[in-house]
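The values are calculated or read from the model by the stated rules, or taken from the named source; none is laboratory data. The model shown is predicted, which means the values in this text are computed figures rather than measured ones. Because the Cβ atoms are built from the backbone with ideal geometry, glycine has one as well, and the counts that use them run over all protein chains shown. To get the accessible areas, we keep the full protein, side chains included, count just its heavy atoms, and leave off ligands, DNA and RNA. Shrake-Rupley method; radii C 1.70, N 1.55, O 1.52, S 1.80 Å.
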Amino acid sequence: MTVWLHIVAIVLLASLGGALWRVWRGPSPADRMMAAQLVGTGGVAVLVVLAALQDWTLLVVALALALLAALAAVGFVKAESPDGAGDPEETDPPEDWRTNSQKVPQDG
Amino acid sequence: MSLTIFALTGAALIGLGVYGLLARLHLLRRIIAFNLIGSGLFLFFGATGARGEILDPIPQALIITGIVVALSASALAVGLVVALAQGSGRASLPEDEDAEGRAP
Amino acid sequence: MSAALDLALCALILGVGLASMAGRGVFRAAIFFITYGLLVAIGWARLGAYDVALAEAAIGSGLTGVLLLAAHGRLRRLRAAAESLSRFNLPAAIAGGGVALSFGWAWFALPVPRAPDLTYALPQAGVGNPVTAVLLNFRAWDTLVESIVLLAALIGVWMMARDADWDAPLGLRYHARPSGVLASFGRILPPVGLIFGVYLVWAGAESTGGAFQGGTVLAAVGLVAMMAGIMRPPRVAQGAWRAALVLGPVVFLGSGLAGAALGAGFLTLPEALAKPAILTIEAALTVSIAVTLALLVLGPPDEGGQQA
Amino acid sequence: MTPLVVVLSLPLLTALSAIAVPASMRVTVALGGVVTTLIAALWLGGVVWHGGPVVLVLGGWQPPIGIVLRADGLAAALIVMSALVIAAVAAAARYEMAPTPAGPRASFGFWPLMLLLWAALNAVFVSRDLFNLYVGLELLSLAAVALVAISGTAQALASAMRYLLFALAGSLLYLAGVVLVYATHGTLDITLLGARVPSPVDALALGLMTAGLLAKTALFPFHVWLPPAHSAAPAPASALLSALVPKGSFLIVMRLWFEAMPDLAAPSALLALAAMGAIAVIWGGALALVQARLKLIVAYSTVAQLGYLFLVFPLAGGDGINQPWAAGAWTGAIFQALSHGLAKAAMFLAAGIYIAAVGSDRLGDLRGLARALPMTSFAFALAAVTLLGLPPSGGFTAKYLLMTSAFASGQWVWAIVLAGGGLLAALYLYRPVAALFTREIRVRPRAIPRAWQAIPLALAALAILLGLLSAMPFDLLQIGRPKPAEDGL
Amino acid sequence: MADLATYILTASGLVFFIAGTVGLIRFPDTFSRLHALTKADNLGLGLIAGGVAFQTETWAQLAMLTLIWVLALLAAGTVAQLVARAALSTPEQK
């Protein structure tokens, strides 16, 4: 079993290498981000395997990674939106999103 | 064997970071280079701390402290880069701008 | 077999490190750095340093990633994200190669390991996790100063605000479609993260976890909630938030001073009180770390106007 | 509750309070903390003077497990000097940083950052643990960089960024050395390292740590970040940055070369350190000579004045530690650090008053200001006396001690550097002093409160007093000096 | 018996991961790549977690494995949706 789990981990890492190639190539930012997401999922899988191999405590690390997996991607879609704070699902940017702020900036 | 692999990886990462820090002028890239140096250093440190029969917890604690300190410095640096770009439209230091600006 | 695994992992780490320094475009470099943090976290798992793996996964990959991507987005809108073509720079390569070689040499030149003997100290530390014992007891002064470093960085980041924006909420004005995927995600994740973060702090006394890791998880889910428009970022002027920022360091320093006042000594925890004292300090510290980290990543108040 | 604990924790506690309390109470809280800590610092100085070094074993854990703090005479002297400077800076900042004209942002940030910087300095001065010193240095650097950025101008932001790059590079170099030290010896304690089993890795570790600290101390050729950063900050912040911050990293260099690894102090390495210092004296002085703005002149003079500190290495380091002249050189360098701190803070605070009065620090705009601001201008001239090393100032004592050691040891070249540096200082300080004391007035100054004008005068007077009463600080500095030197006395 | 289940499940998990990576490399445009990716790797993670589940020693470990998979699914679903829309709404750029 130990040998097999080592093999699983190594093959998983090799598959991550493929995903990393897509991060390098792109071409669009979305491509890179999604490939990084695959690396994240694969990393969780590697940690799950290592948990069985080394110490079950590693499940905590895998859980933390899974919990934070979407953090970077959420930051990415925010940064990609026109004002850096939006959401690609908003069909029409709300007019009143600044209402809680005290001043309306002057564009120029 | 494994420890040597990690230690040498750490050494190579430090070197990579030093290269990036000196060769790349975009400040965001330089911030990443700093993080790479720090991380390589910690990896090296972690490998040295695992040499004994039992894992030495002191390097681990120091590394956790170091990771938090690195994040603090990175956050301040990122804030400075953005503020600098807001004021000057550039994300490199004034003295580096000629070199940066000449490129296609 | 185990060496092959480590070799594969280190090859990936090195490749990703190289990719984050080479090539053109800081966006790609930032994405590579996110995957780098993840792979290094696996590396720490292989080295048996589980607390470090947790910290690296949460801080190195998670928070630093958002920080870099958000910065890149801002720079792109300021037309400052472009990077010139990378050229090979020989002096820099020589310097980098020299540093790498000297560390490589140092590894082989190191004498036999000489770790301090903790066998007598650990049973008196109050906690079973030796890393937590070092952080909160043996080297508590480091940890206290480190929590202050975070705070200093936050004040520094706030100094980057434009004066006109000073009274505005921190960061950008995040908004999202109220019934959209992001908003739903922002509602589901925080409760799970809250429980997990608290678990990490509580578990950190005896096994993997701790105040910094737990605080980072809390900060991360708080950020998701804010980016999803569920939670409103605070303003600098809101006293309750500033109190939350300093709570942990104040409790930490206060307990240290209490030790000095009661004759035990500065930052000294009597063995009988060590565990409850450490858990109290960690609880307060977690609140402050979570708030500080979240606000650090959020950045200074920014209404998006042009610089005067 | 020992004074050392108070000196360490009170600035921290005050900084935390200054962050948390409402804006209306911030300055009061901060000033209360400053006054109390100043008293505690003087108390600590007295305790060390009468009772010898104060040692604090944190948590009761002896190294290599725990961290030990130790206030010897050197640390106590620097703590007292910092407390005096910060008290003056805080008094001046009451006028400059709260709440107008600096704006709510700057006045929010200045007080906590100043207090955090102070806490970091005190922590660095007494720490005996190399990693703890790293964390302290990081706090010092981040607070200092934020203080530079406080002005918010594009130039200040670029200077702060450059400063941060150097500071972070310095931190990582230092940390790299610390990692090697722990990996080699299993301890980070300076005292334990003094008795370590030498290893070939030590030289690399010491080299890395020293290089990093030199970048932070802005020694030539790592000085390029300092003048723009120090001159871009608001004047009270400039005073902190120039007078105090470089002393933190310099002290660690001294601890490393005199206490942790004195056996590695080969003559060539000591010579290299002093040579960089000598070039800094000349180069910094030459560049100060061609500046048109007062703050830049004062900032370049910091580059030059820091250079003197490094003459201590060949005069008192290595084998020289057992020579009779070592004590003089060692004490002279510390006197230089102390008197430069007091005088430089006085100069920057005076510059701040001039900027408040005429809205500029161009030498042309300062002409004739001595008549409108006599106390401030007299303070500037008095501080210049110290930087020149004229009697009876503290700077004179410093340079006299270094000079006699240079003659005694036969290392004439350092005496030439001392004399040449003094000459250059006379030239570059003559220009602002002459402009201030000329008869014609170029710009009509705004009225400045007399109490504010008196602040730099107090500091400059202290710098003179340091020379007049040099016996007392001299004795204090001998307490807890590195052992081998005591035999040489 | 438990070991056999582990072998089979983890091997199938690997197949899905490899398929996802091959899709990521081979598919011609961003959207088909997105499509291939999110399904394959989450199924892969589920299978690997399922395989490892047969080796667990306590119920808590089993619960944690489940939670890991659920969270990964949630993250992947959200991320795929958001990134795809972001790619739609922003013009092609470097």
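Within region D:198-216, the residues that become at least 50 Å² less accessible when every protein chain is included than when their own chain is isolated (1.4 Å probe; DNA, RNA and ligands ignored) are D:Val201, D:Leu204.
Figure note: D:Thr217, C:Thr119 ranked by solvent-accessible area, largest first, 1.4 Å probe, ligands and nucleic acids not counted: C:Thr119, D:Thr217.
Computed on chain C, with alpha-carbon pairs under 8 angstrom and 6+ residues apart, the relative contact order is 21 percent.
Tell me which of C:Leu262, B:Gly89, B:Ile5 sits at the most positive position along the dipole axis of the protein assembly as shown, charges placed on C-beta atoms (Lys, Arg +1; Asp, Glu -1). Farthest along the dipole direction, towards plus: B:Gly89.
Of interest is the spacing of the C-alpha centroids, which for region D:35-109 and region C:199-213 amounts to 34 Å. Computed over every Cα-Cα pair of the protein assembly as shown and binned at 20 Å starting from 0, the pair-distance distribution P(r) comes out as 13, 45, 33, 8, 0, 0 percent. For D:Lys399, the aspartates and glutamates whose Cα falls under 20 Å of its own Cα, not counting residues fewer than eight places away in the same chain, are D:Asp475. Distance between the modelled labels on C:Ala264 and E:Glu57, one decimal in nanometres: 3.4 nm (7 Å Cα→Cβ projection).
Label-to-label distance for B:Glu53 and C:Arg87 is 5.8 nm, based on points extended 7 Å past Cα in the beta-carbon direction. Note on chain D: dipole from Cβ charges, positive end direction compared against D:His230, D:Ala106, D:Pro324; the farthest Cα belongs to D:Ala106. Taking only protein heavy atoms and a 1.4 Å probe, the accessible area of chain C is 67% carbon and sulfur. Name the residues of region E:7-24 whose accessible area, probed at 1.4 Å, falls by at least 10 Å² once all protein chains are in place instead of their chain on its own? Buried by the other chains: E:Tyr7, E:Thr10, E:Ala11, E:Leu14, E:Phe17, E:Ile18, E:Thr21, E:Leu24.
Taking all Cα pairs closer than 8 Å and separated by 6 or more residues, the relative contact order of chain D comes to 16 percent.
When the alpha carbon coordinates of chain D are projected onto the principal axes, the ranges are 67, 53, 42 Å, largest first.
Shape annotation for region A:2-80: C-alpha extents along the principal axes are 43, 24, 9 Å, from largest to smallest.
Each Lys and Arg contributes +1 and each Asp and Glu -1, all at the Cβ; summed about the Cα centre of region D:278-397, the dipole is approximately 400 debye. Summing Cβ point charges (Lys, Arg +1; Asp, Glu -1) relative to the Cα centre of the protein assembly as shown gives a dipole of roughly 2560 debye. Estimated from the Cβ-Cβ distance and a Förster radius of 60 angstrom, the FRET efficiency linking D:Ala426 and E:Phe31 is about 0.20.
Using the Cβ-Cβ distance between C:Arg187 and C:Thr280 with R0 set to 25 Å, the FRET efficiency works out to roughly 0.20. The residues D:Thr331, C:Thr268, sorted by heavy-atom accessible surface at 1.4 Å with ligands and nucleic acids left out, run C:Thr268, D:Thr331 from largest to smallest. Distance between the pseudo-spin-label points of D:Val224 and D:Thr438 (7 Å out from Cα toward the beta carbon): 3.4 nm. Chain A packed on chain C takes about 5600 Å² of accessible surface away from a 1.4 Å probe, both sides summed. What relative contact order, as a whole-number percentage, does region C:128-308 give when Cα pairs under 8 Å and 6 or more residues apart are counted? Computed value for region C:128-308: 35 percent relative contact order. The helix-only estimate of mean residue ellipticity at 222 nm for chain D, built from DSSP H runs of length n ≥ 4 each weighted as -39500 (n - 2.57), is -25000 deg cm²/dmol after division by the residue total. Per-residue packing, averaged as other Cβ atoms within 10 Å, sorts the ranges D:192-201, A:73-82 into the order A:73-82, D:192-201, beginning with the highest. Taking chain C, how much of its Cα-Cα pair set, in percent, is spaced more than 28 angstrom apart? Across chain C, Cα pairs with separations above 28 Å total 51 percent. Note on region D:408-486 and region D:236-260: Cα centroid distance 17 Å, given to the nearest whole angstrom.
Averaging 1/r across all pairs of distinct Cα atoms in region E:2-89 and inverting the result yields a Kirkwood radius of 13.9 Å.
Look at the stretch D:113-120: the mean tally of other chain Cβ atoms within 10 Å of its residues' Cβ atoms is 2. Legend: mean number of C-beta atoms from other chains within 10 angstrom of residue C-beta atoms, peptide D:165-175, equals 5. For region B:2-93, the carbon plus sulfur part of the accessible surface works out to 61%, probe radius 1.4 Å. Simple point charges give the picture: +1 on the Cβ of Lys and Arg, -1 on the Cβ of Asp and Glu, and for region E:2-89 a dipole about the Cα centre of about 340 debye. Only protein heavy atoms count here, probed at 1.4 Å, and on that basis chains B and C bury about 7000 Å² of accessible area in total. Here the accessible area of chain D is 70 percent carbon and sulfur, with a 1.4 angstrom probe and all protein chains present. Once B binds D, the 1.4 Å probe can no longer reach about 2400 Å² of accessible area, counting both sides. What separates the Cα centres of region D:173-211 and region C:43-117 is a distance of 22 Å. What FRET efficiency, computed as 1/(1 + (r/R0)^6) with R0 = 41 Å and r the Cβ-Cβ distance, is obtained for C:Ala240 and A:Gln54, rounded to the nearest 0.05? Computed FRET efficiency for C:Ala240 and A:Gln54 comes out at 0.40. Measuring max minus min along each principal axis, the C-alpha atoms of region C:156-308 give extents of 56, 37, 20 Å (largest first). Ordering B:Phe45, C:Phe185, D:Thr386 by the projection of their Cα atoms onto the charge dipole of the protein assembly as shown, which places +1 on the Cβ of Lys and Arg and -1 on the Cβ of Asp and Glu, puts D:Thr386 at the extreme positive end. The Kirkwood radius of region D:228-352, taken over pairs of alpha-carbon atoms, gives through the Stokes-Einstein law at 4 °C and 1.567 mPa s a diffusion coefficient of 86 µm² s⁻¹.
For the protein assembly as shown, the solvent-accessible area with a 1.4 angstrom probe is 31 square angstrom per residue.
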